[in-house]
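Worksheet: one structure, shown below.
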Amino acid sequence: MTPFLAGAIDIGNTRIKILADDQFFASELSGNWQEAMHKYLWNFSGKQVLFGVSSVNPEVYAQLEIELKKRSNVRWNALAGILHEQSLIDVSGIQGMGSDRILSLIGALHYNLQHTPALVAPLITIDCGTAVTINAATARRKCLGGAILPGVATQLRALHHFTQLLPEIEPAFEDATSGTNTAQAMRIGVVRGIGGAVKEIIDGIIAKDFHGESPLIFITGGDAGMVKKALENWRLELHHEQHLVLYGASALMAQWMQEFRSGNHSEHELQSALQNDFAQLRV
């Protein structure tokens with residue numbers, strides 16, 4: 001029986017992203033992402049792939065299930081159940097924390113274990129998308145929650161929507177610190193404003209929650225490059241890992257498969273657990 005390859009799918013508010021066997025796919029949800037995804041999945045013909053799915057978009061998740069049922073070599077699982085049972089990051093006492101935020105911390109922990117296993121330190125992740133989330137876990141892997149603020153594009157759209165004269169503009173980082181035109185001033189205000197807010201929140205977490213202990217800080221998401229530049233003046237040591245949430249989801253699925261097999265289950269039993277009718281996996 002062909003062993004399963006662990007992969008991950010992350011459905012956000014505006015994009016769908018997939019990672020399996022170090023092959024990355026991303027598509028805007030406003031386009032024909034279904035056709036593009038099927039072309040990507042041809043890369044895994046002849047392989048059995050188990051995807052962990054993280055989604056903040058129930059409508060797109062329902063569409064995804066319809067598309068994945070067309071692939072005879074693909075199984076998947078909504079990660080909510082596994083996240084509730086996983087022991088990598090302790091999220092007890094935290095309410096309403098999205099799966100993407102937890103997975104970013106798992107991805108940071110996985111990176112830590114892979115690259116600096118001797119270093120035991122607190123973790124902070126900064127995920128820069130439609131919203132910017134800041135997520136924290138102690139050195140003992142206890143999740144503390146974090147903070148949420150509007151992302152770059154979200155703030156720029158709000159300025160255009162709620163004012164009469166401010167234009168609709170594309171997000172970008174400005175090297176200038178004072179804008180000489182409206183668009184430049186908007187970009188400076190939003191991007192550098194987010195940088196300042198992130199730095200203030202991180203400083204508070206380090207001082208009050210980590211008691212001064214230096215954390216490993218990871219930045220991820222589509223706007224991570226812009227926000228990272230806005231943080232350069234404060235000389236924070238940031239690990240820019242573009243696919244941190246996907247790495248976290250892949251690591252979680254790989255751990256689940258390992259734990260399943262360590263219970264003396266055969267590959268046939270694993271196939272049966274995933275259900276041949278392609279219904280959503282439940283563990």
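The values are calculated or read from the model by the stated rules, or taken from the named source; none is laboratory data. What you see is a predicted model; the values in this text were computed from it and never measured. Ideal geometry is used to build each Cβ from the backbone, glycine not excepted, and the neighbour counts take in all protein chains shown.
Looking for something farther than 21 Å from residue 9 by Cα and crowded, with 20+ Cβ neighbours inside 10 Å - is there at least one such residue anywhere in the stretch 108-123?
Yes, that holds for at least one residue.
Sort out which residues of the stretch 67-90 are assigned to a strand (DSSP E or B) and touching a Phe, Trp or Tyr at 6+ places or on another chain (Cβ under 8 Å), and write them in order of number.
Residues satisfying the conditions are 74, 75, 76, 77, 78.
Which residue, of 78, 6, is surrounded by 15 or more Cβ atoms within 10 Å (Cβ to Cβ), in contact with a Gly (Cβ under 9 Å, 6 or more places away or on another chain) and closer than 20 Å to residue 241 by Cα?
Every option except 6 fails the conditions.
Name the helices (runs of 4 or more DSSP H) wholly within the stretch 215-283 that hold at least 3 residues that are in contact with a helix residue (DSSP H, G or I) (Cβ under 8 Å, 6 or more places away or on another chain), at pLDDT 90 or above and among the aliphatic types (A, V, I, L, M)?
Those helices (runs of 4 or more DSSP H) span 224-230, 244-262.
Testing residue 128 on (1) touching a Ser or Thr at 6+ places or on another chain (Cβ under 6 Å); (2) modelled with pLDDT of 95 or more, one condition comes back false. Which one is that?
Checking residue 128 against (1) touching a Ser or Thr at 6+ places or on another chain (Cβ under 6 Å); (2) modelled with pLDDT of 95 or more, the one that fails is (1).
What about residue 89, is it surrounded by fewer than 17 Cβ atoms within 10 Å (Cβ to Cβ), modelled with pLDDT of 90 or more, out of contact with any His (no Cβ under 8 Å at 6 or more places or on another chain) and among the hydrophobic types (A, V, I, L, M, F, W, C)?
no
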